[in-house]
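The values are calculated or read from the model by the stated rules, or taken from the named source; none is laboratory data. Since this is a predicted model, take the numbers as computed values, not measurements. So basically every Cβ, Gly included, is an ideal-geometry build from the backbone, and we count neighbours across all protein chains shown. What goes into the accessible areas is simple: the full protein's heavy atoms, side chains included, and nothing from ligands, DNA or RNA. Shrake-Rupley method; radii C 1.70, N 1.55, O 1.52, S 1.80 Å.
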Amino acid sequence: MNQKKIKFINIGCKVNFAETSRLKDILSERGFGVTDKSADADIVLINTCTVTNQADADCRSAIRKAKRASPQAFVGVFGCYAQLHSSELEEMPEVNAVYGIKEKFMIPDLLSMHIDKSEKSIEVSDLTELHFDFAYSSDSEARSRAFLKIQDGCNYKCTYCTIPNARGYPRSLEFEKLPEQFNEVRSKGYLEIVLSGINLGEYKSNDKYRFKDVLKLISSNDFGVRFRVSSLEPNLIDSEVISLLCNSDNICPHFHIPLQSGSDKILKLMKRRYNSQRIFDSVLEIKSVNPDACIGLDVITGFPGESAVEFDETYKFINTLPVSYLHVFTYSERKNTLAATFPNSVPKITRKERTAKLKELSDSKLQEFHKSQIGKTNLFLPEKYDADKKIHYGHTSNYVNCFVKTDKKLENKIFAVKFQELSNGKVLAALA
Ligand code: SF4
């Protein structure tokens, strides 16, 4: 049993990535082998996502593909899609076992009981009495950036979202344990920790510590790494958070904000907890404190009720803002959400056209941001090295995707670089 090899497949967000990675570590410690080769796999474990209909479809297709590639393997499916759609997975002949959110980190114990069973095993409990499962990604080749999950779950009621049903209520890593976890990640050689969560800004420990306390802890202590914040809800960004992210030597000046729409009518329908003015003020404040800060926005196109007028409002709103890039998502109806019952659904073709327009806007915003950096210096963490071309690829603290040409193979440390010129969506930089 202990000689068996597992192939892991991860679908979805950085929190999933961290959890898959942690599971890999636990199972390796238990004596399992890990393989990337389908032909060698005795077991395939698939961590799933259910954020959109497309994600659901991707999960089903990944399962079929995995079974075709490893017909001999036991296929276990876990994560968000497994939690919400276990009955669909029960119907799939390719699947041997289904594990819910609560059972995710019980897989190392459950596997040995399930692997030789001829019938399908379904272990999906309801989302009560949840606890926080610590996880960080630890399998990046370059050992440069790790995603550390410090928060899980969400209790907001955004009308388009099924994540609270899949992940359950908010819970967080105990505040007192943070230094130990930072040190553990650092001891593996990582130089950047991306603080991650489902609704990270809702971090709360012992009714006493909030996300701002985490930021204060890392800005006033040297853990030997730099920190990046994965994403923050707009209603949780205030002057103190802006100052902590923009003025600390240990925290990268990079904000990723789920705007979703620039129309107040749509934000209201989405039951988001802010209006466009709040975002406008925050973005301008960030740029006034640190003009080189990177600001990314998530946007959803084609939400029910988004006529040409509201889309235009969103487009113009974003166009006026000094933001650096957009992540654009096309709205898709999700079962058991309020938004799926709303009238004035937008034709799918229009949704796609709007997505394409915003992606174009994103490209030009990114170019503008990159241009504004030419001639400036920043701190570069190498992530990948192309030995043939002698090029190091990585990001600066303000998330400029850049590359450095040098004969030297740079050590795993942070270097000062000067931005030189734009090149295919990246920036050429030289060691300063
Ligand atoms: S904040 Fe809204 S969109 Fe984000 S996970 Fe919570 S309910 Fe979903």
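Below are the figures for this structure:
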{"read-out": "Flag if residue 288 is open to solvent by 40 Å² or more (accessible area, probe 1.4 Å), in a helix (DSSP H, G or I) and either in contact (Cβ under 8 Å) with a residue 24 or more places away in the chain or away from the ligand (no atom under 16 Å from the Cβ) (or both)", "value": "yes"}
{"read-out": "Test: residue in segment 259-278 that is outside any helix (DSSP H, G or I), at pLDDT 95 or above and β-branched (Val, Ile, Thr)", "value": "no"}
{"read-out": "Residue within segment 35-43 that is free of Cβ contacts under 8 Å to residues at least 40 places away in the same chain and part of a strand (DSSP E or B) present", "value": "no"}
{"read-out": "Hits in segment 111-127 (condition: under 17 Å from residue 86 (Cα atoms) and more than 16 Å from the ligand (Cβ to nearest atom))", "value": "114, 119, 120, 121, 122, 123, 124, 125, 126"}
{"read-out": "Sole exception among (1) open to solvent by 10 Å² or more (accessible area, probe 1.4 Å); (2) in contact (Cβ under 8 Å) with a residue 40 or more places away in the chain; (3) not polar (S, T, N, Q) for residue 104, by number", "value": "(1)"}
{"read-out": "Segment 409-432 - residue that is free of Cβ contacts under 8 Å to residues at least 60 places away in the same chain and within 23 Å of residue 224 (Cβ to Cβ) and, of those, surrounded by the most Cβ atoms within 10 Å (Cβ to Cβ)", "value": "417"}
{"read-out": "Members of segment 133-187 found to be part of a helix (DSSP H, G or I), aliphatic (A, V, I, L, M) and within 26 Å of residue 99 (Cβ to Cβ), listed by number", "value": "163, 166, 185"}
{"read-out": "Residue in segment 193-215 that is farthest from the ligand (Cβ to nearest atom), counting only those that are charged (D, E, K, R) and at pLDDT 95 or above", "value": "213"}
{"read-out": "Filtered residue count, segment 305-346, keeping only those that are in contact with an Asp or Glu (Cβ under 7 Å, 6 or more places away or on another chain), open to solvent by 60 Å² or more (accessible area, probe 1.4 Å) and of a type in the set (Gly, Ala, Ser)", "value": "0"}
{"read-out": "Pick from segment 353-362, criterion charged (D, E, K, R) and in contact (Cβ under 8 Å) with a residue 40 or more places away in the chain, ranking: surrounded by the fewest Cβ atoms within 10 Å (Cβ to Cβ)", "value": "357"}
{"read-out": "Qualifying residue in segment 235-245 (condition: outside the structural domain of residue 384 (by TED's automatic domain parsing), more than 13 Å from the ligand (Cβ to nearest atom) and within 30 Å of residue 48 (Cβ to Cβ))", "value": "no"}
{"read-out": "Residues that are in contact (Cβ under 8 Å) with a residue 12 or more places away in the chain and surrounded by fewer than 18 Cβ atoms within 10 Å (Cβ to Cβ), drawn from segment 185-202", "value": "186, 188, 189"}
{"read-out": "Long-range neighbours under 9 Å by Cβ, at least six apart or interchain, first residue more than 30 Å from residue 401 (Cα to Cα) within segment 298-325, second at pLDDT 95 or above and acidic (Asp, Glu)", "value": "303/310"}
{"read-out": "Conditions (1) within 16 Å of the ligand (Cβ to nearest atom); (2) surrounded by 22 or more Cβ atoms within 10 Å (Cβ to Cβ): number failed by residue 161", "value": "(2)"}
{"read-out": "Single condition residue 250 does not satisfy, out of (1) within 16 Å of the ligand (Cβ to nearest atom); (2) in contact with a Ser or Thr (Cβ under 6 Å, 6 or more places away or on another chain); (3) in contact (Cβ under 8 Å) with a residue 12 or more places away in the chain", "value": "(1)"}
{"read-out": "Pick from segment 135-146, criterion of a type outside the set (Ser, Thr, Tyr) and either open to solvent by 30 Å² or more (accessible area, probe 1.4 Å) or within 16 Å of the ligand (Cβ to nearest atom) (or both), ranking: modelled with the lowest pLDDT", "value": "141"}
{"read-out": "Selection status of residue 385, open to solvent by 50 Å² or more (accessible area, probe 1.4 Å), more than 24 Å from residue 325 (Cα to Cα) and in contact (Cβ under 8 Å) with a residue 60 or more places away in the chain", "value": "yes"}
{"read-out": "Within segment 164-178, considering residues that are within 16 Å of the ligand (Cβ to nearest atom) and basic (Lys, Arg), the one nearest to residue 304 (Cα to Cα)", "value": "167"}
{"read-out": "Residue match in segment 211-218 (condition: more than 25 Å from residue 378 (Cβ to Cβ) and in contact with a Lys or Arg (Cβ under 7 Å, 6 or more places away or on another chain))", "value": "no"}
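A quick yes/no check of all residues on (1) among the polar types (S, T, N, Q); (2) open to solvent by 70 Å² or more (accessible area, probe 1.4 Å); (3) not in a helix (DSSP H, G or I):
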| position | (1), (2), (3) |
| --- | --- |
| 3 | yes, yes, yes |
| 6 | no, no, yes |
| 16 | yes, no, no |
| 20 | yes, no, no |
| 31 | no, no, yes |
| 51 | no, yes, yes |
| 59 | no, no, no |
| 67 | no, no, no |
